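The structure appears below as structure tokens.
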Amino acid sequence: MKQLLWLAGAGFLGAAQAATPAARPFLDRHCMDCHDAEMKKGGLDLSALSTDGADAAALKKWVRVFDRVAAGEMPPPKKARPAAEETGAFMAALGSDLTAKSEARKGTVLRRLNRQEYQNTLNDLLGVRVSVVDMLPEDGRAHGFDTVGEALSISGIQMQRYMEAAETALNAALMAGEKPELRKTAATLDTGRNKDNIGKHWLKKADGAVVVFNEGGFPSTVIPDLRAHATGTYKVRVTGYGHQVEEPVVFALRTGSFNFRNTDTRTHSFHELPADKPGTVDVTLHLPQGHGIQVSPQGLYGPDGHSAVKDGPDKYPGSGLALLSVEIEGPLIEEWPPRGQKLLLGDAKLREVMPEKPWMRGKAGYKPVFTADSADPAAEARRLLPAFASAAFRRPADAAAVEPYVRLFDAEFAEGKDFLAAMRTAATAILCAPDFLFLKEPSGALDRLQLASRLSYFLTRGAPDAELLAADLAQPAVLRAQTERLLQSPALERFVTDFTDGWLNLREIEFTTPDKQLYPEYDELLLDSMLRETRAFITELIRGNLSAANVIHSDFAMLNARLARHYGIPGVSGQHIRKVPLPPESRRGGVLTQASILKVSANGTNTSPVVRGVFVMDRILGIEPPPPPPGIPGVEPDIRGATTLRELLDKHRDSETCNGCHRVIDPPGFALESYDVIGGWRERFRSIDQGEKVDLKVTGRKVRYRLGPPVDAAGELPTGAKFADMGGFQKLLLAGQDRVARCLLEKLLTFATGREMGFSDRAELDQLTAASQAKGHGVREMIHAAVQSGIFRRK
Amino acid sequence: MNIATKRHLDRRAFLRGTGAVLSLPMLEAMLPAFATRAQAAAGTPPPRFLAMCATLGFHTPYLFPKETGADYTLTPYLEPLRDLRSDFSVISGLNHEQQNGANGHTSEMTWLTAAKHPGLAGFKNTISIDQLIAERIGTQTRFPSLILGTGSESLSWSASGVPLPAESSPSRAFQQLFVDGTPAEVAAQVRALKRGRSILDTVMGQAKKLRGELGHRDQEKLDEYFSAVRDLEGRLVQNEEWAQRPKPKVDAKPPTDIQSRTDAIGKMRLMQDLVVLALQTDSTRTVTMRLSGMNAVPEIPGVKNDWHNLSHHGQDPAKIEELKVIELAEFTAFADFLAKLKQTREGGRPLLDSTAVLFGSNLGNASSHSTANLPLVLAGGGFKHGRHLAIEKDKHVFSNLFVSLAQRMGVETDRFGHSTGVLEINQA
């Protein structure tokens, strides 16, 4: 009946007038019944949907129209099927229109360095190691990444912070007189300060070791009289063993100023000491001046009702860590004076400015102030500033380009500031200039300098070095060689961390804390280990050029003892991460079964198949699920244990409005139901009051959770293919692994170029995926292919 | 509502006119419109605005009274406010529209902006109400606004949709507000500010050059940089003037920051005390405070579980009862704060009368992440209070309240966010 109205209604607003002419007949015939101004099924009104290429939101909707028709999802199954040629013609018409519009809008929007890139760049340029990331506001994100130009904004307050950050870094480089001497210091817990603790909380043994029975808190396990006398890299050696334990004892190595505020304490890493005889742990780490070391044992416990204080440390039967000594050696300095000092002072000599009151100089925490004079300040500034600006701007800066900064120097100097102060002002301006803060990329093909910057920020997260800037990156062979060089550099670690932070959302891993009652086995070591696992796994894929299919399922995992215990895998000892082969029927392998992914896609109490399903769709399969229609409240989970979320979600199956999207979204989430919020395997849900009691102890305490309803991990893909569990789901995914490879390529290119992949990029992405498939989807090769692509080499 | 007209001299015009050096002290003629000597004598203090958001929600069955109007029974969360009954109104039935966003908590980004779909693709936030107010009247005080929070994030967003960081250290804020530098320090400060302006002049010139080399979309992005530099420049100029003006004297000791990460109520109270001082000394007239929940156990007697966990109670009655302890503590602190504002006099009148305080949350139900029917309490500001205002469905949106609050602060506008009208409290 509706159709008649359309045909007859000359007075009506044209059916799909908004759409491009060639696409209209198809839309009129097959879409307008449901998607006109009146019906607006699913909230979509095609008659009003703008075709303006500049309207990003509308363009996105048209792409979705295209995709749903291409997938055969629309018109919906119960409606008349259009003829194949008709659909083909429509797709061609709409497709070429969308390609043209996407092409016209395409291009990275002027991309600011994000705060991590900024910090890396600043530190590398000046040869210092200051922490300025937290001084800057959090960066905006798009598509999960904080490298997307369009989403990176800048405010007045941020400009102020940039000025402050630049000053901090410049001071670190300039206010440094003598090269700090290398010192070796050893210390134990047996000092005057701890006299009262020994014999009361701690035990002193015949071999001189002090046994600590507390994990943290009181008494403090910060090593007394052990501080970095100057900022730099230090070798740390911890010697000790486990006391009254059967397994090696784990400890966290923490650094910080350990002042009364305790705001800068950082956990560096976790280590083990042997159960029976003394062992040593060697770590190299960075320490700011004045920072110290804390050795914090993990997982210690004793019988209920006992404690070291109650029983006396010599009689207490619980476990402890016997610490013999902690030594530090450093700072180990690679370059002196710092690079920034050489760049900005040239031959000018530093001399210390004595404080007004000379006694202040002896006080702890006093920061010496320096000045420097030059024989010919104006000439020196003109000699040094172009080199500094070139290094900062990542391209040659001649006298003309640097003139405004030289004038700034002159003005400061004229006002009576010394050479160092005037240079510092000019340098601050250079570090706040748009040429420093932004990656300047014109439209079209990038020249070799712009490519150098883009490549460097992609794989090392910092500015291009001299070799990269000198390379003729327009030559594919040279580009490949340089890419290979960067892949082998230690800075690749920065890439893996930043890329997985965005791709797999690992940045949010601590967004929720697992409920202590439900997950008593969760500890800091597990959190630390699960992050290392995923980063090591991706690094291994790159290192070995292993197939992207390993993201779905792999015959190995990167584990340490803590993870192996968590996953139920025997034979792994020590807390360092190493490659472990997995048996064929293992429940682990691939990225999706890793604890970090399972935690970050859940909250602290329960898992949601929808949230995990969206995670898999978006990040692994490269399908962006549309947001829920407006006005739909979330489903409130019931953790009393009465119903599972899956049962509550059964509504999705019945409602047509919900079903369309949820038959695609939910299935991966169902497969992952076999893994709990911290990535442990489960066959029953844990609940707080209802269900079967569990006879199990964790760190000496009985668990208080109960076992509720059984897990149902079966599901059905939109294609109709069924799976009974995660293993079955993985097999189905492997059959369609090209899609996973394509998704990874897309994520890499979004991260690298700082822009969204659009409709007009699809053709090239298809080619890249096909070429990658021919090479077995090796991830290292994929990165090379991404760098060689037109997408990467153009704005 | 009175919309004040600017009767004072425009400072920039004055300075341009005289060609004077910027180190002149503020002349009487330049005292702000709302507080000229004459007006102060007549007893008309300037209006103030304060917004506080508790990001983990409030369990509304314990807040909203069953009855509407003036004769309502106090609910558990309103019990601490029983002595201040005529100084506040409970408002139910308001929300922003289309707040489903990137995750269940992103609505805290838009509580003061009303922008839609926070965090989803293509999202760009808009200016928050406090910054809009600060833009219009901020130059009248040493600090155009005070952005506070118990964490590093704030409720406030700039005009270009950029998030503004929060000050989370009351001791640092106190320092900035009330502690004068020595003459040498002041001189050094002025020199440093002038140096800052020279740096900005230099980079601005470079940005202008760069702009000419860019395509249209990149130019738009660079314009953000221009705005940022200009904004900072303006602030440096202002700061230079203020640097030479002595700071107000307060009869209070500098606060000591709370070390414990989990003493949320302690932090809230300390911050509120600071706000009283800031408003009392007219250091600022618009304040926001983000009261962050946490993924940890807050230090409140009787609370043993993670706060975030409790707020997502999943209808577990034990969790709801424990959550109540936390939220009641928040409301108790709030009540004490209002009492303090009421006791503090200004020209014979309670400070509370000139200060509109909006207290609530971006979540109507934290357990289901619902942003409908937001918990809101409006206090002070000279409004007619003592009622439970239940706004009928579809009659008003939350933005409508912001329009009237902005107008009261001297912003000449009849729209804010996605307002569909104006919600006048006195006439509702």
Quiz item: Mind checking how much accessible area B and A bury in total, 1.4 Å probe, in Å² rounded to 100?
Solution: 4700 Å²
Exercise. Order the following by accessible area, largest value first: B:214, B:74. Probe radius 1.4 Å; ligands, DNA and RNA are ignored.
Key: B:74, B:214
Quiz item: Using θ = phi - 60° and the Karplus curve 6.51 cos²θ - 1.76 cosθ + 1.60, what whole-Hz ³J(HN,Hα) does each residue of the range B:305-312 get, with Gly and Pro shown as x?
Solution: 10, 4, 4, 4, 4, 5, 5, 9
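Per-residue counts of other Cβ atoms within 10 Å, averaged by peptide: what ranking do you get for B:76-83, B:332-339, highest first?
Working: B:76-83: 16.9, B:332-339: 19.6.
In descending order of packing, they fall as B:332-339, B:76-83.
For chain A, what's the relative contact order in percent, using C-alpha pairs closer than 8 Å and at least 6 residues apart? Display every interim value, and only then the final one.
On the way: 1321 pairs, mean separation 91.6, N = 795.
Over chain A, the number comes to 12 percent.
Suppose R0 equals 25 Å; then what is the FRET efficiency for residue A:369 and residue B:244 from their Cβ-Cβ distance, rounded to the nearest 0.05?
Values: r = 26 Å, r/R0 = 1.02.
E between residue A:369 and residue B:244, to the nearest 0.05, is 0.45.
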Quiz prompt | Unit charges at the beta carbon, dipole of the range B:110-248: most positive-side option, B:128, B:169, B:239 | solution = B:239
Quiz prompt | Gap separating the Cα centres of the range B:383-421 and the range A:669-716, nearest whole Å | solution = 48 Å
Quiz prompt | Residue-span extension gain [residue A:763 to residue A:481] - 0.36 nm each, minus C-alpha spacing | solution = 98.9 nm
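Could you pull out every whole DSSP H run in chain A that spans at least 30 Å of Cα extent along its own axis and averages -0.5 or higher on the Kyte-Doolittle scale?
Values: long enough: A:84-105 (31 Å, -0.14).
Helices meeting the span and hydropathy rule in chain A are A:84-105.
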Exercise. Taking amide H positions as placed in the peptide plane 1.01 Å from N, state which residues far from residue A:293 in sequence (5 or more) or on other chains have amide H under 5 Å from it.
Key: A:223
Practice problem: Report the paramagnetic label zone for residue B:220: residues of the range A:75-110 whose backbone N is under 20 Å from a point 7 Å from Cα along the Cα-to-Cβ axis. | Solution: A:98-110
Quiz prompt | Model label zone, residue B:189; criterion: amide N under 15 Å from point 7 Å along Cα-to-beta-carbon; scope the range B:238-253 | solution = B:238-250
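Output the Kirkwood hydrodynamic radius of the range B:268-316, Cα pairs only, in Å rounded to one decimal. Don't skip to the answer; put the middle values down first.
Numbers: mean 1/r = 0.0754 Å⁻¹.
Taking every pair of different Cα atoms in the range B:268-316, averaging 1/r and inverting gives 13.3 Å.
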Practice problem: Report relative contact order for the range A:386-516 in percent, whole number only (criteria: Cα-Cα under 8 Å, sequence separation at least 6). | Solution: 17 percent
Quiz item: So what are the ³J(HN,Hα) numbers for the range A:235-247, from phi and the Karplus equation (6.51, -1.76, 1.60; θ = phi - 60°), rounded to whole Hz, Gly and Pro as x?
Solution: 9, 10, 10, 10, 10, x, 6, x, 10, 6, 10, 9, 9
Quiz item: Near the amide H of residue A:369, under 5 Å away, which other amide H atoms are found, from residues 5 or more places off or on another chain, if H is placed in the peptide plane?
Solution: A:353
Quiz item: Contour minus end-to-end for residue A:773 and residue A:565, with contour as 0.36 nm per residue of separation and end-to-end as the Cα-Cα distance?
Solution: 71.3 nm
Practice problem: Return the sequence-ordered ³J(HN,Hα) values of the range B:260-266 in whole Hz as given by the Karplus equation 6.51 cos²θ - 1.76 cosθ + 1.60 applied to θ = phi - 60°, using x for Gly and Pro. | Solution: 5, 5, 9, 8, 5, 5, x
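Given the rule -39500 (n - 2.57) for each run of at least 4 DSSP H residues, summed and divided by the residues of the protein assembly as shown, what is its mean residue ellipticity at 222 nm, to the nearest 500 deg cm²/dmol?
It comes out at -11500 deg cm²/dmol, rounded to the nearest 500.
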Quiz item: Label points 7 Å out from Cα along the Cβ direction at residue B:85 and residue A:280: separation in nm?
Solution: 7.6 nm
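I'd like the mean, over residues of B:313-321, of how many other protein chain beta carbons sit within 10 Å of each residue's own Cβ.
Details: counts 5, 11, 6, 8, 1, 3, 4, 0, 0.
What the average comes to for B:313-321 is 4.
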Self-check item: Accessible area of the range B:266-319 belonging to carbon and sulfur atoms, whole % at 1.4 Å probe
Solution: 56 percent
Quiz item: Between residue A:712 and residue A:738, what is the spin-label point distance in nm, taking each point 7 Å from the Cα along the Cα→C-beta axis?
Solution: 3.5 nm
Practice problem: Mind jotting down the distance between the C-alpha centroids of the range A:235-249 and the range A:490-526, whole Å? | Solution: 26 Å
Practice problem: Please determine, in degrees from 0 to 90 and to the nearest 10, the orientation of helix B:398-408 with respect to the longest principal axis defined by the Cα atoms of chain B, where the helix direction is its Cα long axis. | Solution: 40 degrees
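Relative contact order for chain B using alpha-carbon pairs under 8 Å, separation at least 6, rounded to a whole percent? Working shown, then result.
Working: 777 pairs, mean separation 129.7, N = 428.
Rounded, it is 30 percent for chain B.
What part of the accessible area of the range A:30-104, given as a whole %, is carbon or sulfur when the probe is 1.4 angstrom?
Working: 2310 of 3860 Å².
After summing per-atom areas, the C and S share lands at 60 percent.
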Self-check item: Prolate/oblate/rounded label for the protein assembly as shown (Cα gyration tensor, a/c 1.5)
Solution: rounded
Self-check item: Peptide B:207-214 - average C-beta neighbours from other chains (10 Å radius)
Solution: 3
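Roughly to the nearest percent, how much of the accessible area of the range A:291-330 is carbon and sulfur, given a 1.4 Å probe?
On the way: 720 of 1500 Å².
Answer for the range A:291-330: carbon and sulfur cover 48 percent of the accessible area.
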Quiz item: Suppose R0 equals 60 Å; then what is the FRET efficiency for residue A:684 and residue A:378 from their Cβ-Cβ distance, rounded to the nearest 0.05?
Solution: 0.15
Practice problem: Mind pulling the angle between the C-alpha long axis of helix B:216-243 and the longest principal axis of chain B? Nearest 10 degrees, somewhere in 0 to 90. | Solution: 80 degrees
Quiz item: If r is the Cβ-Cβ distance from residue A:334 to residue A:237 and R0 is 22 Å, what FRET efficiency results, to the nearest 0.05?
Solution: 0.60
Self-check item: Antiparallel DSSP beta bridges within chain B, as percent of all bridges there, nearest 5
Solution: 40 percent
Self-check item: Nitroxide proxy distance, nm - points 7 Å out along Cα→Cβ at residue A:306 and residue A:244
Solution: 0.5 nm
Quiz item: Which distance in Å, rounded to a whole number, links the C-alpha centroids of the range A:306-381 and the range A:584-627?
Solution: 44 Å
Exercise. Specify which residue in the list A:688, A:658, A:726 is farthest towards the positive end of the charge dipole of chain A, using unit charges on the beta carbon of Lys, Arg (+1) and Asp, Glu (-1), about the Cα centre.
Key: A:688
Practice problem: Take every residue in peptide A:434-443, count the Cβ atoms of other chains within 10 Å of its Cβ, and give the average of those counts. | Solution: 5
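The values are calculated or read from the model by the stated rules, or taken from the named source; none is laboratory data. Not measured: the values here are computed from a predicted model. Positions of Cβ are backbone-derived with ideal geometry, glycine not excepted, and every protein chain shown enters the neighbour counts. The protein model used for the area step is the full one, side chains on, heavy atoms only, and it has no ligands, DNA or RNA in it. Shrake-Rupley method; radii C 1.70, N 1.55, O 1.52, S 1.80 Å.
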